[in-house]
Amino acid sequence: MTESFADQPWLSLVTFMPLVGALFIMLRRMMARPNEAGALSAEEQAQIDNVSRWVAMLAAVLTFLVSLGVYALYDPSIAGYQLVEEFAWVGGGIGYKMGVDGISILFVLLTTFFMPICVLASWNSIKSRVADYMIAFLILETLMIGVFCALDLFLFYFFFEGSLIPMFLIIGVWGSKGTKEFAGVSMPSRVYAAIKFFLYTLLGSLLLLIAMAWMYAQAGTTDIPTLQQFTFPAGAQKWLWLAFFASFAVKMPMWPVHTWLPDAHVQAPTAGSVVLAAILLKMGGYGFLRFSLPMFPIASADFAPLIYALSIVAIIYTSLVALAQEDMKKLIAYSSVAHMGFVTMGIFTGTKQGIEGGLFQMLSHGFISGALFLCVGVVYDRMHTREIAAYGGLVHRMPLYAFLFLFFTLGNVGLPGTSGFVGEILAMTGAFKVNSWIAFFAAFGVILSAAYALRLYRQVVYGDLTKEALMSIPDVDRRELASLVVLMGFALFLGFNPGPALSVFSPAVDLLIENYNAALGAGGAS
């Protein structure tokens, strides 16, 4: 390929391509002709809904194909940023700059890969305001890709915070039915969950914005690669680290700021839970690697014991909470908090195994946890309940579903041969290098994960088929099977052959560790 071909704005294309699909859906809806009462006929509405589904699917698939082209242009042997695009934006040193490295490129692919699956999962389950729903998902895709490509502080903040809005709408408008009492006011449960999600994440991000403004005033630039080489005073680093931590810890989410996640997962539609688990939670871990470690290395080392403590509490405590859950989605949500504990533990070890383990765990969790939420969606679409007690004996009616659900359950436990095992063992190896007790308690959390995961599977799938409502429940259809088999393939491939993913991470991680240790050495010397 010629150099001029590689120099084209491919990252901007893959980032904003979903917006083209969203715009097309908007235009099609505007062209609709309402009747004299101002409403659309049932036939016209059905046509708009059908067009919206197909346009969203086409936009998502094309975006994924373009992202594969971006990956083909990416050289995994180079540690620095590639495919960089840059031009003036706001002024005063704040510019539009995009680029990817080994830490971000696979998360761009993960995002574009999951969006067609999310559209497919919503094909029949979303029946109201379909056009609005698809527009929200396409806008969300653009914002999520932008988070992983942005190389300017305020551009990152724009994408990072912007992703709250479509997710807020997806939960609040298309979430589950039911009501909840809060402060003496009765409101729909989905609205309560959406507001809680928005307020938690927004509050932490306000501190992030203040810290970014101070960094801009101090360094005179918002360019992320430049700021990664800038030496902030050791005293200021601690305050900056805490401000960034406030935002990224909520986004992960870490214990004890995790309480928004179970509510959001329970109330979100199936595709909303999938994208929340597979992509949005990864933004916190990505932020730690992009900002906290390279920009505030002294503070990161000083606060590492705090991170270890919070991670161990998350791994053990939320696993115990998961054991007590009676709602399938809530159980998997608490499981996600526990698995993100392995990510933060690995990242802040500052070791190659730990950081690569954290990255791999984020990648693996996307496939496995996303698939588990799809599995819940399969039975929810049939029975309209997530209560574990409402099921039992599904293996007699849904043998294919039982097999797929078992695979992802074992992957969630970290069974060798699945991608879940690789991330956990690398993260614990990195932790063992720092302190063997950290690794010991993390390993205890793996035992607990087996307890709650196998309990869920036993109660839902095994036993006698005694409930009348389950006597005619159908097995997975072709649409559901296609999504789950593809995810199973990736989980198996990464489990048996993690090398391709680790080879992409490795150069960027090596450079990060080299700069991190050099900064710690210089800080100690000074």
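The values are calculated or read from the model by the stated rules, or taken from the named source; none is laboratory data. These numbers were taken from a predicted model, which means no experiment stands behind them. In this analysis, Cβ positions are derived from the backbone assuming ideal geometry, glycine residues included, and neighbour counts consider all displayed protein chains. Quick note on the areas: whole protein, heavy atoms, side chains included, nothing else; ligands and nucleic acids left out. Shrake-Rupley method; radii C 1.70, N 1.55, O 1.52, S 1.80 Å.
Just so you know, in region 111-125 the residues that are part of a helix (DSSP H, G or I) and open to solvent by less than 10 Å² (accessible area, probe 1.4 Å) include one that is farthest from Ser52 (Cα to Cα), and it is Thr111. Looking for something among the hydrophobic types (A, V, I, L, M, F, W, C), within 30 Å of Phe113 (Cβ to Cβ), in contact (Cβ under 8 Å) with a residue 40 or more places away in the chain and open to solvent by less than 30 Å² (accessible area, probe 1.4 Å) - is there at least one such residue anywhere in region 25-42? Yes; the residues of region 25-42 include at least one that is among the hydrophobic types (A, V, I, L, M, F, W, C), within 30 Å of Phe113 (Cβ to Cβ), in contact (Cβ under 8 Å) with a residue 40 or more places away in the chain and open to solvent by less than 30 Å² (accessible area, probe 1.4 Å).
Within region 407-420, residues that are part of a helix (DSSP H, G or I) sit with their Cβ atoms under 8 Å from residues that are of a type in the set (Val, Ile, Thr) and open to solvent by 10 Å² or more (accessible area, probe 1.4 Å), at 6+ positions apart or across chains, in these pairs: Val413/Val446; Gly420/Val413. One residue alone among Ala46, Ala56, Ala60 is over 19 Å from Phe148 (Cα atoms), part of a helix (DSSP H, G or I) and open to solvent by less than 30 Å² (accessible area, probe 1.4 Å), and that residue is Ala56.
One residue stands out in region 299-309 among those that are crowded, with 22+ Cβ neighbours inside 10 Å and out of contact with any Lys or Arg (no Cβ under 8 Å at 6 or more places or on another chain): the one that is nearest to Tyr81 (Cα to Cα), namely Ser300. Checked against the criterion of being at pLDDT 85 or above, more than 28 Å from Ala518 (Cα to Cα) and open to solvent by 70 Å² or more (accessible area, probe 1.4 Å), the candidates Leu169, Leu199, Leu203, Leu164 yield just one match: Leu169.
Apart from one condition, Leu484 fits all of (1) in contact with a Cys (Cβ under 8 Å, 6 or more places away or on another chain); (2) within 24 Å of Met428 (Cβ to Cβ); the exception is (2). Report whether or not Gly411 is within 29 Å of Ala301 (Cα to Cα), open to solvent by less than 10 Å² (accessible area, probe 1.4 Å) and out of contact with any Asp or Glu (no Cβ under 9 Å at 6 or more places or on another chain). The answer is no for Gly411. Residues in region 126-159 that are open to solvent by less than 10 Å² (accessible area, probe 1.4 Å) and over 23 Å from Val61 (Cα atoms): 5 in all. Kindly evaluate Leu13 against the criterion of being open to solvent by 30 Å² or more (accessible area, probe 1.4 Å), in a helix (DSSP H, G or I) and under 20 Å from Leu155 (Cα atoms). Yes: the conditions hold for Leu13.
Here Ala333 clears all of (1) among the small types (Gly, Ala, Ser); (2) closer than 30 Å to Ala439 by Cβ; (3) at pLDDT 90 or above except the condition numbered (3). Would you check which residues across region 271-303 are within 14 Å of the chain's Cα centre (by Cα) and of a type in the set (Ser, Thr, Tyr) and list them? Scanning region 271-303 gives Ser273, Tyr286. One residue stands out among those in region 206-253 that are assigned to a loop (DSSP other than H, G, I, E, B) and open to solvent by less than 10 Å² (accessible area, probe 1.4 Å): the one that is farthest from Ala278 (Cα to Cα), which is Phe232. If you go through region 67-110 and keep only what is closer than 25 Å to Ser364 by Cβ, open to solvent by less than 30 Å² (accessible area, probe 1.4 Å) and β-branched (Val, Ile, Thr), you end up with Val70, Val100, Ile103, Ile105, Val108. Close contacts from region 135-157, counting a first residue that is within 24 Å of Met215 (Cα to Cα) and a second that is basic (Lys, Arg) and open to solvent by 10 Å² or more (accessible area, probe 1.4 Å), with Cβ to Cβ under 6 Å and a gap of 6+ residues or different chains, come to Leu151/Lys97; Asp152/Lys97. Counted as qualifying within region 424-526 are the helices (runs of 4 or more DSSP H) with 1 or more residues that are under 22 Å from the mean Cα position of the chain (by Cα), surrounded by fewer than 18 Cβ atoms within 10 Å (Cβ to Cβ) and modelled with pLDDT of 85 or more, namely 478-496, 499-525.
Please state which one of Ile103, Ile117, Ile94 is over 17 Å from the mean Cα position of the chain (by Cα) and either on the phi > 0 side of the Ramachandran plot or among the aliphatic types (A, V, I, L, M) (or both). Going through Ile103, Ile117, Ile94 in turn, just one is over 17 Å from the mean Cα position of the chain (by Cα) and either on the phi > 0 side of the Ramachandran plot or among the aliphatic types (A, V, I, L, M) (or both): Ile94. Please enumerate the residues belonging to region 244-267 that are among the small types (Gly, Ala, Ser) and at pLDDT 85 or above. Across region 244-267, the qualifying residues are Ala246, Ser247, Ala249.
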